[in-house]
Each structure stands twice: as structure tokens, then as C-alpha cells.
Amino acid sequence: MSLNVLKKEFDSRFEGQPRFFKSPGRINLIGDHTDYNDGFVMPAAINRYAQLAVSFNTVKRLNVRSIDLNEILEIDLNQLQAKAKSSWENYFIGVLSIFGERGIKLKGVDCVFTSDIPVGAGLSSSAAITCCFAFALNEMFEAGFTKNELVDIAQQTEHRFAQVMCGNMDQTASVFGKVGQVFKFDCRSRETSFHSLNLNDSSLLLVDTKVKHALAETAYNTRREECEAAVKLIQQSYPEVSSLRDAEYHMINEVGLKDNLKLRAEFVIEENDRVTKAELCLDQNDLDGLGELMWESHKGLSQKYKVSCPELDFIVQHTKNLSYIKGARMMGGGFGGCCILLIQSSAIMGFKELITTPFTKAFDAQPEFYQFELVDGTQEYS
Ligand code: ADP
Ligand code: MG
């Protein structure tokens with residue numbers, strides 16, 4: 001949506017002179033379910049955005065209009081409590097409320113927002129909203145929070161207001177993204193190391209299955225619990241291990257991890273290792289190697305971590321024998337959402353046609369395809 005449309009929407013409802021902010025969605029090249037295990041991921045911000053027009057008001061209320069849903073939130077500043085679990089209002093209430101908790105003297109805020117990040121596709125539409133609003137408030141209140149503090153505020157909003165126990169990758173990618181670059185992110189130390197993504201005649205392509213199985217949320221929580229349980233057992237012999245990030249392969253057998261806990265721990269150790277290897281591949285311009293790691297990541301997510309689903313497996317399986325595809329894997333939490341493919345650019349059109357018919361036949365649903373560019377993180381614009 002253009003700035004003019006956003007401005008017009010704002011003017012039709014509110015009085016002040018708005019400032020404009022945008023925050024991108026993100027992909028994750030490799031490293032899934034490692035973030036909450038204090039491990040490594042490799043995200044990048046993409047040119048799909050949550051966009052906000054914001055100004056202060058004098059009525060001590062938070063007023064937010066969602067253009068896309070055609071809904072409005074109006075709430076007094078002294079009533080900033082979470083609403084029903086899945087409502088979009090919580091992202092705004094949460095961020096503003098946490099600014100108050102952190103010592104900022106609140107004023108009323110008017111806001112209009114829109115986003116072209118598909119919801120629930122694994123591109124972090126919610127993080128884009130929270131990061132955008134946190135960044136905007138930081139500028140407007142001249143609060144002086146660092147970018148990492150804004151990431152914390154956005155993550156806390158997910159935990160406490162949206163009740164989603166996410167890690168900090170999504171917010172970090174949205175805030176810190178750099179044009180043309182992916183970055184290896186250490187979710188524990190928060191160290192970032194950026195790498196230009198030189199794909200030559202290849203591209204990254206997202207294939208959205210357009211499904212979100214109901215299992216996603218419970219399975220996510222179960223996986224987190226399993227990882228914690230595995231850590232507890234490992235700690236009996238290795239007290240220095242505080243998360244699976246610290247675990248090593250030999251410990252799994254030594255402490256006798258079994259069944260699901262063994263598989264989950266193996267996956268996390270292997271996936272962290274793959275992110276480190278992927279970084280080397282990027283440095284050496286080894287796209288075949290990178291693609292190979294993507295296949296392996298999918299296999300692990302599907303067979304050891306068990307967070308894939310028939311639709312995601314179908315797409316990855318169908319890419320296996322195509323010489324123009326170097327790698328493919330499910331991306332994100334799982335049980336639906338997107339696959340990310342490393343594909344020869346000239347073959348994209350043909351691939352879309354090739355996969356759509358059998359996918360539609362198998363699942364009675366149309367996949368969607370997204371091409372994208374890697375962009376800078378959250379910013380004010382005009
Ligand atoms: P994702 O993986 O895309 O972040 P989430 O379930 O975490 O999925 O967040 C999606 C939620 O974010 C939606 O249910 C809605 O509350 C909010 N949201 C995302 N995009 C929009 C939008 N364009 N307009 C209003 N709310 C939105
Ligand atoms: Mg989200």
C-alpha cells in the first residue's frame with residue numbers, strides 16, 4: 001500500500017500529523033526450532049511490510065485502525081490489558097503497556113496500519129507489527145531504547161499479551177535486517193554476522209501451502225517441553241549444559257536419552273551444526289552445498305523433530321529430482337506455512353506450473369508462490 005493511501009486512511013479518522021513507519025517480514029534460510037534452544041538461525045528481512053501511520057492524541061486513549069480487517073481498537077490508557085488470545089489488538093496494547101512499565105510517561109496514540117505479509121505463513125506477520133509499533137513509539141516518545149530492547153519489548157508482547165512463547169529470531173530479523181544480506185544469529189549471545197547472499201543465476205522462492213494444521217500450537221509447546229526435559233536429563237551428568245545449544249552428540253547416548261527426547265536432541269544439535277556449515281557455504285559461494293544442507297534440514301524437521309505435514313513433505317519430495325532445484329525445506333514452526341526453495345531463476349515459471357496441478361489434486365488447495373528481495377529492517381519513512 002502506498003504512503004498516500006495510508007495517509008488518506010489516517011486523515012479520514014484522526015486529526016494529527018502522522019509519522020510513518022514500516023517493518024519487514026522475514027524468511028529463515030536454515031535453522032528452525034533452534035531459536036528457543038539458544039541456538040543458531042539464519043534469517044533475512046524481506047520486502048513485505050507492516051506499515052503504520054502514527055501520531056499522539058490528547059484524549060489519553062490508544063486508537064488503532066486495522067485497514068485490512070476494517071476494525072478499530074479504542075482503549076483508555078489506564079485499561080491496557082490483554083484481550084482475547086488471538087486478537088490483533090493485543091500487539092498494540094502489549095507494546096504500549098510495556099513502554100509504560102519501562103518508565104515512559106504514556107500519551108494517547110492514534111494509529112492506522114496495514115500489512116502485506118501473509119498471516120501464519122511463517123513470515124512473521126506478528127513480529128513485523130510489534131516491531132514496527134515499538135520502533136514508532138521509541139521515536140515518538142524519544143524513549144532511547146536500543147534495538148535489542150525493542151526486540152525484547154516485541155517478544156514480551158508475544159509472550160504476555162498474545163500468549164505465544166516465541167524466541168527472539170523473528171523480531172531480530174525484522175529490526176536488524178540489511179538489504180541483500182542474510183545473517184547468522186546466535187539466539188543466546190545475540191551476536192549477528194551478516195553475509196551477502198550471492199545467488200548468481202539462482203533465486204530463493206517460497207511456496208505457501210496455505211494450510212495451518214490445528215496441531216501447530218500444541219506441537220510447538222510439546223517440542224519446547226521435550227527439549228527442556230532432554231536438557232534436564234543431560235544436566236544430571238553435565239550440569240554445565242543449560243540448553244540443547246550446549247549439548248553434544250556423545251552426551252545423548254551417555255545419559256541414555258531415548259525415543260522422542262533422543263530424536264529431538266539429535267535434531268537440534270544437527271540443525272545448529274547445519275547453520276554453521278551454511279555460513280561457510282555462503283562465504284565460499286557453494287550453493288550446491290547450501291542446497292544440500294536445506295534438504296537435510298527438511299529431513300530432520302520431518303523425521304526427527306516431526307513438525308512437517310503431508311503438504312510440506314509433498315512439495316519438498318517433488319523438488320528432489322529436479323536438476324534446477326538445489327535445495328528445499330519447510331520453513332518456520334511447521335504443520336503448514338511455507339517451503340523455501342533454492343531454484344534456478346529461469347526455471348521458476350515452469351516449476352510453478354509443474355507443482356500446482358499435482359498439489360491441488362492431492363490436497364484440494366492452491367499453493368501460492370512468493371518471490372522477494374532482502375531488505376533493511378524497521379525504519380521511519382516518508
Ligand atoms: P505469523 O507467523 O504470521 O506471525 P501469527 O499467528 O504469529 O502468525 O500472527 C498472526 C496474527 O497477527 C493475526 O492473527 C493477527 O492478529 C495479526 N495480523 C497479522 N497481519 C495482520 C493484518 N494485516 N491486519 C491485522 N492483523 C494482522
Ligand atoms: Mg507470529
Once phi is turned into θ = phi - 60°, what whole-Hz ³J(HN,Hα) does the Karplus curve with 6.51, -1.76 and 1.60 give for every residue of the stretch 87-96, x standing for Gly and Pro? 8, 5, 4, 4, 5, 7, 4, x, 4, 5
Straight-line reach check, Lys7, cutoff 25 Å on alpha carbons, 8 or more apart in-chain or any other chain, hits among lysines -> Lys22, Lys60, Lys107
Cross-link reach from Lys352 to lysines, straight Cα distance under 24 Å and at least 8 residues apart if same chain, gives Lys210, Lys212, Lys299, Lys320, Lys326, Lys361
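Carbon and sulfur: what percent of the chain's accessible surface (1.4 Å probe)?
On the way: 7530 of 16140 Å².
Carbon-and-sulfur percentage of accessible area, whole number: 47.
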Going by alpha carbons, how many degrees (0 to 90, nearest 10) lie between the helix axis of 215-237 and the longest principal axis of the chain? 60 degrees
Quick one: accessible surface of Met165, probe radius 1.4 Å, all protein chains present, in square angstrom to the nearest 10. 80 Å²
Excluding residues fewer than 8 places away in the same chain, name every one of the lysines whose C-alpha is closer than 17 Å to that of Lys304. Lys258, Lys262
Once all protein chains are kept in place, Ser126 shows an accessible area at probe 1.4 Å, nearest 10 Å², of 30 Å²
Using the heavy atoms of the protein chains and a 1.4 angstrom probe, tell me the accessible area per residue for the chain in square angstrom. 42 Å²
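Of Thr360, Thr130, Thr58, which has the most accessible area and how do the rest follow, probe 1.4 Å?
Values: Thr360 40, Thr130 0, Thr58 140 Å².
Correct descending sequence by accessible area is Thr58, Thr360, Thr130.
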What are the ³J(HN,Hα) couplings of the stretch 256-273, residue after residue, when phi is run through the Karplus curve with 6.51, -1.76, 1.60 and θ = phi - 60°? Round to Hz, x for glycine and proline. x, 4, 10, 6, 4, 5, 5, 4, 5, 5, 4, 4, 4, 4, 5, 5, 4, 4
Tell me which trypsin sites (Lys or Arg not before Pro) from the stretch 211-258 have a DSSP coil assignment and no more than 16 other beta carbons within 10 Å of their own. Lys258
By average Cβ neighbour count within 10 Å, what is the ranking of 155-164, 196-205 from highest down? 155-164, 196-205
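The values are calculated or read from the model by the stated rules, or taken from the named source; none is laboratory data. Predicted model only: the values in this text are computed from it and were never measured. FYI the Cβ positions are ideal-geometry reconstructions off the backbone, even for glycines, and counts take in every protein chain you see. Accessible surface is based on the protein model in full, side chains and every heavy atom, while ligands, DNA and RNA are left aside. Shrake-Rupley method; radii C 1.70, N 1.55, O 1.52, S 1.80 Å.
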